[in-house]
Structures are given as structure tokens and as C-alpha cells.
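Engineer: Have a look at the structure that comes next, please.
The values are calculated or read from the model by the stated rules, or taken from the named source; none is laboratory data. Quick caveat, the model's predicted, so the values are computed rather than measured. Cβ placement follows ideal geometry from the backbone for every residue including glycine, while neighbour counts extend to all protein chains displayed. Just the protein is used for accessible areas: all its heavy atoms, side chains included, with ligands, DNA and RNA removed. Shrake-Rupley method; radii C 1.70, N 1.55, O 1.52, S 1.80 Å.
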Amino acid sequence: MPPTAALSVRSLVKRYDGRPVVDGLDLTAAAGQVTAVLGPNGAGKTTTIECCEGLRTPDSGQIRVLGLDPLADAAALRPRVGVMLQDAGLPTGAPALAVLRHVASMFTDPRPVDELVERLGIAPFARTTVRRLSGGQRQRLALAAAVVGRPELVFLDEPSAGMDPQARRAVWELIAELRADGVAVVLTTHLMDEAEQLADRVVVVDHGAVIAEGTVDELATGSTAVTFRAEPGLDVGALDSVLWALPGLPATRTSAVRETAPGRYAVDLPATPALVAALTAWCADRGILLTQLDAGRRTLEDVFLDLTGRNLR
């Protein structure tokens, strides 16, 4: 494992009923970085993370967490790794603050509990039992429990799910602080803006394997896009013909304009001034009002949908 790698996964395989859910997956997460693991439901990312946490036994492959085996060296890793599970995994009958203080008592040098209570806004529900917390409140408590022991590596599964914008901002700031302190953060999320905001490196998983990885900029390199909103049912074929008549486009012609949802359109051609001018002129000539026009680099969501498809899983 490279000296700066906090997590190294090589050729990981995990099967359920003979079917591979994780199929030869490789993954590396570096110290002092946020690594976002993205994928559709059922892609194998949660199973991968559970194997890394020592909660599941792989069928084959190698995992090293801080240089150690997550199963054989579980006792040695426990004080060094923080885990925030998707279902929180907290005792439901105890008050929130009592749970956090109990978790902190297990570590020799925990973060000050009162500081986490203030940072994550836990005080208003400190005496409320876990079972009565809202989803966002439970997530905040689970995050506090995952980081209170000053971990060197922390796994965060959907850390801001169910949170309001204020709480989500507080969570993002805490994650950025962990990274600045040299902690390796492995983040799974379905929120593309969260990954775009936080991740130093993005790993896209589908059908149990990594299908793309890199920084957000690297994944979007060479891809500019135009998206716009107008009335539903535009004649995209006619617009397509106008845009392909512009000079400087590739010789191989494909359908470039598509309606991605009613009234929402994407143009899969380089976002040049000439293309934007031709698009707006075409709409103006037909009395079509553009209610929104965006031209520039693809978002992480665009990249994700192109890689994994647009059909529901």
C-alpha cells in the first residue's frame, strides 16, 4: 500500500447466492483527502464499504485499512477508524447526548463532546431518545459518534441525508476540517452537489466494479454542454439540423439535441459562442421563450448519468 494510502482495496469480490455484487473492485483512499464513492442503487458500493469496515467477509481480494486487515486486525483498528452507518446503528432507547458521551468514553483522547454538540446542533435534542429523533437529527448524532474518537480514517455513508440546508452546511464544514487535519474520509452519497463540493477524488461504481475515477475536473474534461428549458415537445430534429450546420464540428454526425425531461433539453455539442447564438436565434424565430440556458462544463450529475444510464434501477 502506498505510504499516503489509508485504504487499499484490490480485486475485491463478494457474492450473494452465487451472484457477484462486488466483482473485482479496486479502490484507494488517501490520507488528507475526501474520496467520494458514487453509484446507482445496487451498484455494490455499500457492500464494498461494509467489507472495508470489517462488517462483511469478502469472498476474495485484499483489503488494507491503515495497513491492516479489517477482519484479522479489528481490535487494533477500532480506535483508529470512524464509521457512520447508513442505518446509524445507534442504541434507540438512550438519549442522544448520553449515547455520544458513552461513545466518547471508549477513546483515550476523544474530541470534546460539547464542541461537537455545538458544531452539529445536537443540544436541542440532547435529551431525546434516539428512536424519537428525526432522520436528519439521527444523522447528525451518528456523524458526531463517528468522529468523536479522532479517527485517522472515517467512513461516512450518506452523511447529510435528510438534513436541512443549515445542518448540511455544518456537516460539510466538519468534513472539510477533517480533511485539513489529515484524516482520510471515504464518503458515499447520492447527492451529486455534495460530492462536487467535498470530494478530492471521485470513484464511480456500477455492477460491482469501478467504471470511472478521478477528480471532478478530470471526469468532466473535454466535455462542455449546453442545457436549456423551454416549452415541452420542441422539434429537436429541426434544431439538430441547424446546429450541425455550424462550422468546425466533427465529421461524424449523431443526434445532438435531446429532451431529457418535459421542457428540459440538452445539446451534446461543444458550448461555443456560435452554437449558443444559433440556438437562441432558432428559438426566437419560432417565438419560443428560453426560460433557462446554461453553457459550460458538464456537472458531476451529467457525468454520472452518462456513465450509469438514465433508467431507474
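Engineer: Under a 10 Å cutoff between Cα atoms, tell me which one of Thr291, Thr48, Thr129 has the largest fluctuation in the Gaussian network model of the chain.
Structural biologist: Thr291
Engineer: Based on the Cβ-Cβ distance from Ala76 to Thr254, what FRET efficiency comes out when R0 is 51 Å, to the nearest 0.05?
Structural biologist: Values: r = 55 Å, r/R0 = 1.07.
E(calc), rounded to 0.05, equals 0.40.
Engineer: Considering only Leu246, Leu269, Leu25, give the residue with the highest GNM mean-square fluctuation for the chain, with springs between Cα atoms whenever their separation is below 10 Å.
Structural biologist: Sorting by GNM fluctuation, first place goes to Leu246.
Engineer: Can you give me the % of accessible surface on the chain that is carbon or sulfur? Probe 1.4 Å, all protein chains present, nothing else counted. Before the final figure, lay out each step's value.
Structural biologist: On the way: 7600 of 15150 Å².
Heavy-atom surface of the chain belonging to carbon and sulfur, 1.4 Å probe: 50 percent.
Engineer: Restricting to bridges with both residues inside the chain, how much of the DSSP beta-bridge set is antiparallel, in percent to the nearest 5?
Structural biologist: Working: 35 of 52 bridges.
Looking only at bridges with both residues in the chain, the antiparallel portion is about 65 percent.
Engineer: Turning to a different aspect of this structure: How tilted is helix 135-147 with respect to the longest principal axis of the chain? Cα atoms for both, answer in degrees (0 to 90, nearest 10).
Structural biologist: For 135-147 against the chain, the angle is about 60 degrees.
Engineer: Among Thr227, Thr215, Thr35, which one moves the most in a GNM of the chain with springs linking Cα atoms closer than 10 Å?
Structural biologist: Among Thr227, Thr215, Thr35, the largest GNM mean-square fluctuation belongs to Thr227.
Engineer: At 0.36 nm per residue, minus the direct Cα-Cα distance, what do Ser60 and Gln292 gain on full extension? Give it in nm, one decimal, please.
Structural biologist: On the way: separation 232, 0.36 × 232 = 83.52 nm, distance 4.97 nm.
Extra length from Ser60 to Gln292 when fully extended: 78.5 nm.
Engineer: When a/c is below 1.5 the answer is rounded, else prolate if a/b is larger than b/c, else oblate, so apply that to the range 13-80 with a ≥ b ≥ c taken from the square roots of the Cα gyration tensor eigenvalues. Walk me through the numbers before you get to the answer.
Structural biologist: On the way: a/c = 2.14, a/b = 1.29, b/c = 1.66.
Oblate shape, in that a/c is at least 1.5 and b/c is the bigger or equal ratio.
Engineer: Next question. Starting from 0.36 nm per residue, how many nanometres of slack lie between Ala238 and Leu307 once their C-alpha separation is accounted for? All intermediate terms of the calculation are to be shown ahead of the outcome.
Structural biologist: Numbers: separation 69, 0.36 × 69 = 24.84 nm, distance 2.75 nm.
My answer for the length gained is 22.1 nm.
Engineer: Cβ under 9 Å from Val236's Cβ, Val236 left aside: what net charge do those residues give with Lys, Arg +1 and Asp, Glu -1? Please list the in-between numbers first.
Structural biologist: Values: positive: Arg258; negative: Asp235, Asp240, Glu259.
In short, -2.
Engineer: Mind pulling the per residue volume of the convex hull built on the Cα atoms of the range 75-121? Å³ is fine.
Structural biologist: Details: hull volume 4.8 nm³, N = 47.
Hull volume normalised by residue count: 102 Å³.
Engineer: Excluding ligands, DNA and RNA, what is the solvent-accessible area per residue of the chain at a probe of 1.4 Å, expressed in Å²?
Structural biologist: Values: 15150 Å² over 313 residues.
Computed with neighbouring chains in place, this is 48 Å² per residue.
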